[in-house]
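First comes the structure, then the notes that go with it.
The values are calculated or read from the model by the stated rules, or taken from the named source; none is laboratory data. Every value quoted in this text rests on a predicted model; they were computed, and no experiment measured them. Backbone-built Cβ (ideal geometry, glycine too); neighbour counts: all protein chains shown.
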Amino acid sequence: MPRASAPLLLSLVLSVASAAPAGAAPTVVVVPTGKGDALVPTATLARALAAKLRERGESAKVAYQPPQSGLTSQSSKADAETAYNTAVKAFEMLDFANVRKSAGEALGHYKNLVKAGSGGAGYVKTLHLLAAACLFDGDNAGAFKAMNDAVIFSRTPPSKKRFNPTVQGLYRKVVAQSRDEHAGSLKLSISPPAVIWLNGRFIGPATGTLRARAGLYLIDVYRPGHVPWLKWFRVRVDKTRALTIALKKAPVSGESGLTKLLRREAKSSPGAGVQTALGRFGGDEIVLLDADPGCTPTRCTVRMRRGKGATWTKSSQTTYTGDAKAAVDALLGGGAGTQIAGGFGQCTNDTECGPNERCIDAKCSRPSSIVRKWWFWTLIGVAAGGVAAAIAIPLSRPDGPVIEVR
Amino acid sequence: MRRAICIAAIAAWTLALLGCGEPDLEVRGTTARVVGETVKLELTQGSTPFSDALELIDSSGRRFDKATLRSAIETDRKVSLMLPPGAATGTGIVQVGRTDGGTYDVRLNIGRFAVALDSLGKVEALPLPGSEVGRTEVQAGPAGKQASIAPSGAQLVTLLNDDVKVFNLGRELSSGGAGLIVSNAKAVVAVDGGAIVGTDAQALVLSFKQGAGTQQDASFVVGNVSSVAADATGKRAVVLSSCDTDNDTQPDSDCVWPIALDGSNSTLGQVIAVDNAPSAKQIAIATVDNAGTERQLIVVADGDRIYGITIDGALAPQVRSIAWPGNAPNSASAVAIDVGTSSLGPLFAIADASNSRVQTVGFDGDQIKPVSTLPVPAAPSSLSYGRGARLYVAAGNKLYFADVGASNEPKLEQIGVESTQPIQSLAVQK
């Protein structure tokens, strides 16, 4: 990268950051907070609601704070790092057989640590090392497999300090491969119904057959009041991996403190729980889906709260009877739901307001145009200056030094 | 807050405008090279010329100075250097000094070849893991006997029946334009700029002069030669032959002939008879520093014993021997020998085809000692050290690798580099 590019990049980032209020879509995090048996129905609706918001052009995702697994790792971090360092030394000596042996040992420890809730970074860097060793040892299939396992766990690229461009190229090749050309299936049978995470990513309620990129996964299955179930398994290309899971009852719900706090705030007003969730899940606005007592998988009264500040900007409720799409339409105001306006303003959406008015903070008001904002024109000036500079700099500065290697 | 962000953005743009004085270096040309290759760097664009500082940092972090790089500064915009043996395979950085005190950092991939010669005379240059150069092959002649790479890694010498041929070993294998027909040639070893060839009666010292072809600098009558070897300095060589020690015109002993190499002034040293049966097949030599004086360590692999010879200056050579650990090979099966360098000193490796193993030996003072025995999955046909004590063994068309200096119990593992034909002779760039 030319030396001038660093400040250029910095200013671009700053420009984008300052421009965000003008145009960038905020990310909406949809969190199910149903208690006990109500978690699965509210999680089903959360997934459908996020999909609907995305259809409408909003950026939306579903999140749920995993419970404390209560698992104690059978491996210590020190064991894992010792094995990893041994593998690194073997790698530096081009002793690829011992790299495989020690990296395999390190992976065993890291997988135990990941199950217990830590060690993700070590797991990924060990897979990078194993992939590089396989690659240099001529085992291209092994290299692809290890790099693919790393990529489906985390998109963190291999260290440029340790690995040469050949390994970086393998990483790019694996990342570029589409899920469809390297996919298998996962057939889940979970009793009673529960929510799942795959490699730490919240999927939601899952049953039946899912299409998944081939590779190694950690599945985490949870239902309040039951013992969390975790297992490493591999999905193979064009093969179906069946998992039959029978959850055991636990004496306590295992629900996280954050979920309990969000449920309390859904009944009152947004507070520390919402701010914590937005920070942890990476969102700008939150939608909570809670359920009334007596919720069953076939009939459940669901309450939605949406907001980001000190008050809920939208609130609605509906009865879910198995049709998630209809329930979501109702919650968003297009169906048979109840829009609750009490306590926070005189409107719930723009259609309740007059011409040229918008429903902002539950009140109909005429939005002031951004062209009247001082920062808008500042940004335009900065952007125009930047474009001019980007064109002028390469034209005006002297050509850089060139060395020919012969 | 917004006001602050905008001010910061304007400041960043200003920095962008002011900080654009010197763009980064652009490197053009082929950056995938090999050990022993001479690389020329020319500053074709840019206002700051080269200073006289030059250094190579290999991928292990080891630094090589100008002298080791045999650097030549042609002008203040042109330099050349040789990628030295011992440089780690992988990305290295050539730091060329600038007259303003900075450096131009040129990244090169330093590769390494294992050269395989098959019995049908085909030479294949096989890139070892970490190398970015391609694989090349040459049909050198109708039948292959032995391949040997000069210590610098720049030249490959092959013995094909009676034909000695020289190849330049750059990123591609190319004819060196030199060679010689040597009747009844038995063994060859490459030294920088030349070779020593053993025949059924003599040892010949050859040199390959640029533009002048091949020249025979010296010849010595030594009897029927079975093996020749030279040390890494290119100053000392040894010849193993069957010789007549009782003047009855019949060979009766294994004899070792030291040669001090100095072109046409090369001299043959006093013969060392190691036993009373002309049966030994292989010899190797290393020169070490012994309290400020040179010491030659020589290993001779025979059918029943392994001999260790030490020569300290003008003192009488010391000959010691050990029995082969485990089963002794039959005399014909000690197929190859080479010497590598480890933190413990030179490590000699001997391939034993009849027991499918490699035996390594070293010296403790003037006493030869077994170091390790490495099983090979198939009968080894040849072996060669690469950098340091990294040992490569050929069996069939497969290559096996072990770093015998890095572990007390080294183990040979197959690497994903294969020849198309069974390997007759293997040579790896140091």
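Odds and ends about this structure:
- Against the list (1) closer than 22 Å to A:GLY120 by Cα; (2) in a loop (DSSP other than H, G, I, E, B), the condition A:PRO193 fails is (1).
- Counted residues, the range A:139-169 - those being part of a helix (DSSP H, G or I) and of a type outside the set (Asp, Glu): 18
- Just one of the listed residues (A:GLY70, A:GLY138) is at pLDDT below 90 and closer than 30 Å to A:CYS295 by Cα, and it is A:GLY70.
- Within the range B:187-224, the set of residues being over 22 Å from the mean Cα position of the chain (by Cα) and part of a strand (DSSP E or B) comprises B:THR199, B:GLN202, B:GLY213, B:GLN215, B:GLN216, B:ASP217, B:ALA218, B:SER219, B:PHE220, B:VAL221, B:ASN224.
- Residue that is farthest from the other protein chains (Cβ to nearest Cβ), among those in the range B:395-430 that are more than 26 Å from B:ARG62 (Cα to Cα) and under 16 Å from the mean Cα position of the chain (by Cα): B:SER425
- Residues satisfying the stated conditions in the range B:108-137, i.e. within 11 Å of another protein chain (Cβ to nearest Cβ), not acidic (Asp, Glu) and not in a strand (DSSP E or B): B:ARG112, B:LEU128, B:PRO129, B:GLY130, B:SER131
- Yes/no for A:LEU216 being modelled with pLDDT of 90 or more, within 27 Å of A:LEU49 (Cβ to Cβ) and under 21 Å from the mean Cα position of the chain (by Cα): no
- Flag if B:PRO325 is surrounded by fewer than 16 Cβ atoms within 10 Å (Cβ to Cβ), in contact with a strand residue (DSSP E or B) (Cβ under 6 Å, 6 or more places away or on another chain) and not in a strand (DSSP E or B): yes
- Sole residue being more than 7 Å from chain A (Cβ to nearest Cβ), at pLDDT below 95, over 28 Å from A:ALA389 (Cα atoms) and not in a loop (DSSP other than H, G, I, E, B), chosen from B:ALA11, B:ALA4, B:ALA67, B:ALA53: B:ALA53
- Note on the range B:375-425: residues that are crowded, with 21+ Cβ neighbours inside 10 Å and farther than 24 Å from A:ASN140 by Cβ total 15.
- With respect to the conditions (1) surrounded by fewer than 21 Cβ atoms within 10 Å (Cβ to Cβ); (2) at pLDDT 95 or above, B:LEU120 lacks only one, and its number is (2).
- Top-ranked residue in the range A:121-138 [being within 14 Å of chain B (Cβ to nearest Cβ) and either touching a Cys at 6+ places or on another chain (Cβ under 8 Å) or crowded, with 19+ Cβ neighbours inside 10 Å (or both); ranked as nearest to A:ASN98 (Cα to Cα)]: A:ALA133
- Checked against the criterion of being within 30 Å of B:PRO129 (Cα to Cα), surrounded by fewer than 17 Cβ atoms within 10 Å (Cβ to Cβ) and not acidic (Asp, Glu), the range A:243-259 has no qualifying residue.
- Test: B:ASP105 is touching a residue at least 60 places away in the same chain (Cβ under 8 Å), surrounded by fewer than 18 Cβ atoms within 10 Å (Cβ to Cβ) and within 13 Å of chain A (Cβ to nearest Cβ): yes
- Yes/no for B:GLU409 being touching a helix residue (DSSP H, G or I) at 6+ places or on another chain (Cβ under 7 Å) and in the same structural domain as B:ASP254 (by TED's automatic domain parsing): no
- Picking from residues in the range B:273-285 that are of a type outside the set (S, T, N, Q) and modelled with pLDDT under 95, the one that is surrounded by the most Cβ atoms within 10 Å (Cβ to Cβ) is B:ALA280.
- B:ASN247 being without any contact (Cβ under 8 Å) to a residue 24 or more places away in the chain, surrounded by fewer than 23 Cβ atoms within 10 Å (Cβ to Cβ) and not in a strand (DSSP E or B): yes
- Taken over the range B:353-371, the residue count meeting the criterion of being part of a strand (DSSP E or B) and either touching a helix residue (DSSP H, G or I) at 6+ places or on another chain (Cβ under 6 Å) or farther than 26 Å from B:PRO422 by Cα (or both) is 9.
- Residue match in the range A:159-173 (condition: hydrophobic (A, V, I, L, M, F, W, C), touching a strand residue (DSSP E or B) at 6+ places or on another chain (Cβ under 8 Å) and within 25 Å of A:THR126 (Cβ to Cβ)): no
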